[in-house]
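Q: Dumping the structure here so I can ask a few things about it.
Any read-out appearing in this document is the output of simple, stated calculations on the displayed coordinates, not a laboratory observation. In this text, all values refer to a predicted model and were calculated from it rather than measured experimentally. Using ideal geometry, Cβ is built from the backbone for each residue, glycine included, and neighbour counts are taken over all protein chains shown.
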């Protein structure tokens with residue numbers, strides 16, 4: 001019996017939440033993969049792939065551009081297909097460090113990967129002081145910058161963005177998250193779609209400050225600072241709202 005011995009450099013770890021993701025085993029197609037200078041054909045970790053979910057046992061994952069091939073997940077590790085199709089792991093839910101992907105995801109790909117959050121920082125697992133979070137043992141957060149723009153000072157002269165505020169404009173860059181728009185009814189006219197819920201009060205009196213954004217979990221809506229409308233809930237697929245704001 002002959003064995004093909006392969007030596008492949010490990011890929012970048014693209015996940016931010018190592019203990020909170022979902023993945024499935026897939027067969028990765030060798031079709032169209034170009035050999036590198038060393039003669040090996042490697043499908044890189046972070047490649048957005050698709051073409052397998054309808055029939056995982058009899059299909060091969062290929063690069064998915066979101067148009068001709070719908071995006072279904074992200075390849076977790078490098079896969080060597082020099083000798084033909086090979087086994088790989090496809091992430092279908094989790095928080096991914098966009099900076100470590102071989103190419104930035106398109107808007108079409110992001111829209112199709114509904115259970116994947118694209119972010120450029122590190123995850124946070126702190127739970128202290130959370131009043132509105134019901135799933136205190138099962139939730140996902142990311143660190144963000146919170147903007148001081150539009151925040152009014154209270155009687156003490158402090159500008160506080162309260163825990164439970166629904167925020168947007170946080171995940172694509174570190175310019176500072178702001179309160180998500182409540183007036184819009186669809187993405188076409190919404191300047192700031194909801195991306196998550198602020199986990200703690202953040203003092204922005206002196207300008208932009210660090211905060212923690214909840215992107216997945218079960219939330220007690222009655223403990224939030226304001227009602228979350230139907231559109232905002234629709235743009236927060238990872239958050240389950242229990243009860244109503246009062």
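Q: As a test, work out the antiparallel percent of DSSP beta bridges whose residues both lie in segment 140-242, rounded to the nearest 5.
A: Details: 15 of 20 bridges.
Approximately 75 percent, going by the DSSP bridge assignments.
Q: Let me ask something else about it. Say each of residue 37 and residue 67 gets a label point 7 Å from the Cα, pointing the same way as Cα to Cβ; how far apart are those two points in nm?
A: It is 3.1 nm.
Q: Still on this structure: Just want to confirm a number: the relative contact order over segment 25-97, from Cα pairs under 8 angstrom separated by 6+ residues, in percent. Please report the intermediate quantities before stating the final value.
A: Numbers: 158 pairs, mean separation 28.5, N = 73.
Averaging sequence separation for qualifying contacts and normalising by length gives 39 percent for segment 25-97.
Q: Can you give the FRET efficiency to the nearest 0.05 for residue 230 and residue 162, using r as the Cβ-Cβ distance and R₀ = 25 Å? Walk me through the intermediate numbers first.
A: Details: r = 22 Å, r/R0 = 0.87.
Once rounded, the FRET efficiency stands at 0.70.
Q: Right, something else. For segment 140-242, what D do you get in µm² per second when you plug the Kirkwood radius from alpha-carbon pairs into Stokes-Einstein at 20 °C and 1.002 mPa s? Can you show the working numbers first?
A: Details: Rh = 13.7 Å.
Calculated translational D: 157 µm²/s.
Q: Moving to a separate point now. At what distance in angstrom do the alpha carbon centres of segment 31-90 and segment 221-237 lie from each other?
A: 37
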